[in-house]
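Trainee: Just passing along the structure, written as structure tokens.
The values are calculated or read from the model by the stated rules, or taken from the named source; none is laboratory data. Keep in mind that what you see is a predicted model, and the values were worked out from it rather than measured. Reconstructed Cβ throughout: ideal geometry from the backbone, glycine too, with neighbour counts over all protein chains shown.
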Amino acid sequence: MPDRDSALSFDLNTIGQDFLDDPFPVYRALREHDPVHRNPDGTWLLTRYDDVVQCFKHPAMSSDKKVDFKPKFGDGPLYTHHTTSLVFNDPPIHTRVRRLLAAAFTPRKIGELEPLIDRVIDDLLDRMAAQGRFDVIRDYALALPTAIISFMLGIPEEHRHRLHDFSTLILGALDPVVSPEKMQAGHDAVEEFGAMLEELIADRRLEPASGGQGEVLAALIFGEVDGERLSLVELVQNCIFLLNAGHETTANLVGNCIDMLLDNPGEMQRLRDDPDLISSAVEEALRYQSPLQIGNRKAMQEMEFGPEDRRIALPAGTFIHCGVAAANRDPEIFDDPENVDIGRNPNPQIAFGTGKHVCMGNTLGRIEGRVAIGKLVARFPNLRRDGPSRFHGRARFRGLSTLPVAV
């Protein structure tokens with residue numbers, strides 16, 4: 001367990017493999033000894049639940065990254081993407097784009113997707129049952145959201161195998177430490193996926209009614225708010241954002257939850273005995289292994305954070321890392337937070353964020369997670385590990401790269 005000195009000297013920009021494999025001891029030490037932590041580069045890291053929620057919800061906190069991302073990305077495709085997508089903008093741009101993107105997540109659109117989710121999952125389970133041994137990540141957790149986002153954006157089947165790499169490379173460039181090779185691969189991924197989307201958008205403009213079940217592309221192209229539509233750049237970059245948000249979070253949720261249950265066989269059996277616990281099991285997985293580990297905000301006015309007896313004032317202009325994963329294990333909020341309880345109630349986890357930037361796709365992600373995890377656990381009563389699992393080694397997004405099992 002890291003001590004006070006290691007917490008005080010922690011540098012988010014020099015993290016190593018030990019942290020990537022298991023960041024939670026460090027988060028615990030920071031929460032206990034230095035909950036409002038200054039990194040050597042002048043940025044700050046929050047690890048208490050109340051501070052992170054305040055940072056997400058306070059109107060003086062900005063998500064706009066046009067200034068902060070310039071040194072990291074230059075003028076390349078990654079800069080265009082991350083400063084145009086919904087998540088890194090403030091009102092009024094955020095409000096207008098969010099209202100236009102909401103067409104993808106209406107109850108009617110989600111209702112259209114539910115039978116597709118069931119069909120994709122049943123087909124995947126049949127295939128895995130025939131194999132006897134499979135990788136939960138490659139064969140299931142990634143395959144499901146890839147198929148669903150492909151339906152939503154009208155991605156032809158011959159291109160779907162490329163989506164995971166696109167998402168991984170684009171999101172991986174957000175990590176604190178990124179090699180020049182990975183940064184260039186991220187730029188290339190934005191360009192390649194953007195070109196693919198421009199072709200799909202051009203085709204749909206010519207034939208608006210030709211989309212398949214669950215497709216939302218036409219609604220995004222032709223949708224209007226107060227007479228305004230998404231520009232082509234906004235449309236392309238926010239379709240990339242939909243892939244990244246829907247694909248990464250759902251895949252990590254499913255994989256992390258199955259890994260969590262395998263590590264806690266008593267909780268796995270508890271879920272089998274009472275399938276109605278699936279909703280709270282999903283919430284516990286979101287809390288225990290948050291797919292999004294760290295968010296960001298910039299203070300536009302002086303803000304105070306920390307426990308009442310040791311508040312720290314951060315000046316306007318401060319760049320803040322919001323420790324979502326650390327907040328979700330805060331013992332001030334969650335009883336026995338380092339252990340798993342699939343019936344945990346209440347469970348105010350913030351894995352999907354909170355405030356005006358709460359994830360738009362959280363309802364769809366929860367549906368996918370509940371169906372995918374519930375059906376897998378019920379289908380394979382003898383599910384067991386068939387080799388070591390491994391996390392993919394990114395700081396901001398936590399998920400497994402492999403989880404081999406046998407049935």
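Trainee: Test Gly317 against the stated conditions and say whether it is modelled with pLDDT of 95 or more, part of a loop (DSSP other than H, G, I, E, B) and out of contact with any Ser or Thr (no Cβ under 9 Å at 6 or more places or on another chain).
Mentor: Values: modelled with pLDDT of 95 or more: yes; part of a loop (DSSP other than H, G, I, E, B): yes; out of contact with any Ser or Thr (no Cβ under 9 Å at 6 or more places or on another chain): yes.
Taking the combined requirement at face value, the residue satisfies it.
Trainee: Among the residues of the range 371-407, what is the count of those that are in a strand (DSSP E or B) and either more than 20 Å from the chain's Cα centre (by Cα) or not aliphatic (A, V, I, L, M) (or both)? Don't jump to the end; show me each part of the working.
Mentor: Residues of the range 371-407 in a strand (DSSP E or B): 384-385, 390-391, 397, 400-402, 404-406.
Retained after the next criterion (residues that are either more than 20 Å from the chain's Cα centre (by Cα) or not aliphatic (A, V, I, L, M) (or both)): 384-385, 390-391, 397, 401-402, 404-406.
The qualifying residues number 10.
Trainee: Among the candidates Ala141, Ala104, single out the residue that is crowded, with 19+ Cβ neighbours inside 10 Å and under 16 Å from Ala251 (Cα atoms). Steps first, answer last, please.
Mentor: Details: Ala104 fails: under 16 Å from Ala251 (Cα atoms).
None of the others qualify; the one that does is Ala141.
Trainee: Shifting gears a bit: Considering only residues of the range 251-288 that are in contact with a helix residue (DSSP H, G or I) (Cβ under 7 Å, 6 or more places away or on another chain) and among the hydroxyl-bearing types (Ser, Thr, Tyr), which is nearest to Leu144 (Cα to Cα)?
Mentor: If we take residues in the range 251-288 being in contact with a helix residue (DSSP H, G or I) (Cβ under 7 Å, 6 or more places away or on another chain) and among the hydroxyl-bearing types (Ser, Thr, Tyr), then Ser279 is nearest to Leu144 (Cα to Cα).
Trainee: For Val190, state whether it is in contact with a helix residue (DSSP H, G or I) (Cβ under 8 Å, 6 or more places away or on another chain), of a type outside the set (Gly, Ala, Ser) and modelled with pLDDT of 95 or more. Let's see the steps before the verdict.
Mentor: On the way: in contact with a helix residue (DSSP H, G or I) (Cβ under 8 Å, 6 or more places away or on another chain): yes; of a type outside the set (Gly, Ala, Ser): yes; modelled with pLDDT of 95 or more: yes.
Criteria met by Val190.
Trainee: Under the condition of being without any contact (Cβ under 8 Å) to a residue 40 or more places away in the chain and among the aromatic types (Phe, Trp, Tyr), which residue from the range 54-101 is surrounded by the most Cβ atoms within 10 Å (Cβ to Cβ)?
Mentor: Among residues in the range 54-101 that are without any contact (Cβ under 8 Å) to a residue 40 or more places away in the chain and among the aromatic types (Phe, Trp, Tyr), the one surrounded by the most Cβ atoms within 10 Å (Cβ to Cβ) is Phe88.
Trainee: Also, I was wondering about something else. Quick check on this structure: which one of Asp64, Asp68 is over 20 Å from the mean Cα position of the chain (by Cα), modelled with pLDDT under 95 and either aliphatic (A, V, I, L, M) or not in a helix (DSSP H, G or I) (or both)?
Mentor: Details: Asp64 fails: over 20 Å from the mean Cα position of the chain (by Cα).
Sole residue among the options that is over 20 Å from the mean Cα position of the chain (by Cα), modelled with pLDDT under 95 and either aliphatic (A, V, I, L, M) or not in a helix (DSSP H, G or I) (or both): Asp68.
Trainee: Inside the range 201-217, can you point out the residues that are within 25 Å of the chain's Cα centre (by Cα) and either of a type in the set (Ser, Thr, Tyr) or part of a helix (DSSP H, G or I) (or both)?
Mentor: The one that is within 25 Å of the chain's Cα centre (by Cα) and either of a type in the set (Ser, Thr, Tyr) or part of a helix (DSSP H, G or I) (or both): Leu217.
Trainee: Right, something else. Among the residues that make up the range 119-134, is at least one of them touching a strand residue (DSSP E or B) at 6+ places or on another chain (Cβ under 7 Å), modelled with pLDDT of 95 or more and within 17 Å of Ser401 (Cβ to Cβ)? Quick ask: steps written out before the conclusion?
Mentor: So in the range 119-134, the residues touching a strand residue (DSSP E or B) at 6+ places or on another chain (Cβ under 7 Å) come out as 128, 132-134.
From what's left, modelled with pLDDT of 95 or more: 128, 132-134.
Then drop every residue that is not within 17 Å of Ser401 (Cβ to Cβ), which leaves 134.
Checked the range 119-134: at least one residue is touching a strand residue (DSSP E or B) at 6+ places or on another chain (Cβ under 7 Å), modelled with pLDDT of 95 or more and within 17 Å of Ser401 (Cβ to Cβ).
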